[in-house]
Amino acid sequence: MRKTKIKPGSALTQLGQSVAMPGSPETAVLERVANPHPDQFYLARFTAPEFTSLCPVTGQPDFAHLMIDYVPGKWLIESKSLKLFLASFRNHGAYHEDCTVTIGLRLQKLVLPRWLRIGGYWYPRGGIPIDVFWQTGKPPANIWIPEQGVPAYRGRG
């Protein structure tokens with residue numbers, strides 16, 4: 001097994017540290033680490049089943065199940081910084097579409113993946129669930145990309 005060591009003086013500022021919750025997505029620091037297998041094509045998935053933000057009109061909480069899939073290139077998303085970034089939306093007022101696309105764009109800019117998609121499966125607001133999907137383009141050929149597997153909202157089912 002290959003161990004990845006964090007070099008002294010590296011750009012990581014949150015991993016292994018006690019870090020306060022960011023006040024907003026704009027101030028949250030997303031970090032990346034070198035991909036130990038940049039020559040391989042593989043898919044990495046982050047699942048955030050308890051994502052929250054605020055309705056920009058009412059200030060009431062909104063809840064979503066987020067699925068983030070990406071095919072790394074040179075960089076990987078550092079997971080602690082991602083958790084803090086996602087948590088920074090808890091006091092942030094934005095529409096579902098804005099939250100979902102903003103997260104995708106920030107991750108794309110940070111790690112320059114070969115491919116990235118995000119599925120935002122939002123719980124009902126005003127009785128209507130809103131699902132938001134965004135991706136960077138066509139996925140690479142010859143890579144297995146599983147379905148996100150989040151069922152459609154069924155209410156009391």
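Any read-out appearing in this document is the output of simple, stated calculations on the displayed coordinates, not a laboratory observation. Every value quoted in this text rests on a predicted model; they were computed, and no experiment measured them. Neighbour counts are summed over all protein chains in view; Cβ atoms, including those assigned to glycine, are modelled from backbone coordinates with ideal geometry.
About the centre of its Cα atoms, the chain shows a dipole size close to 520 debye [charges on the beta carbon of Lys, Arg (+1) and Asp, Glu (-1) only; nearest 20 debye]. Remark: the Cα gyration tensor places the stretch 11-64 in the oblate category, a/c being 1.5 or greater and a/b not exceeding b/c.
Taking GluC sites (Glu not before Pro) across the stretch 11-66, the ones in a DSSP loop with at most 13 further Cβ atoms lying within 10 angstrom of their Cβ are E26.
The loop-placed GluC sites (Glu not before Pro) in the stretch 78-154, going by DSSP, that have at most 10 neighbouring Cβ atoms within 10 Å of their Cβ come out as E147. Checking (1) 0.99; (2) 0.94; (3) 1.18 against the coordinates, the calculated Rg/Rh (Cα atoms, Kirkwood Rh) falls under label (1).
Only helical DSSP H runs with n ≥ 4 go in: add -39500 (n - 2.57) per run for the chain, normalise by residue count and round the 222 nm mean residue ellipticity to 500 deg cm²/dmol.
Working: 2 runs with 25 residues, N = 157.
Per the formula, -5000 deg cm²/dmol.
Among all stretches of the chain without exposed trypsin sites (Lys or Arg not before Pro) (DSSP loop, at most 16 other Cβ atoms within 10 Å), which one is longest? Don't skip to the answer; put the middle values down first.
Working: sites that count: R2, K3, K5, K74, R154, R156.
The segment 75-153 is the longest one with no such site.
Taking other Cβ atoms within 10 Å as a rough exposure proxy, F89, F63 sort from fewest to most as F63, F89. GNM remark for the chain: springs join alpha carbons under 10 Å apart, and the peak mean-square fluctuation among L116, L76, L15 falls on L15.
Cα gyration tensor of the stretch 97-157, axes a ≥ b ≥ c as square roots of the eigenvalues: rounded (a/c below 1.5), prolate (a/b > b/c) or oblate? Here the stretch 97-157 falls in the oblate category. Among N142, N91, N35, the largest mean-square fluctuation in a Gaussian network model of the chain (Cα springs under 10 Å) belongs to N142.
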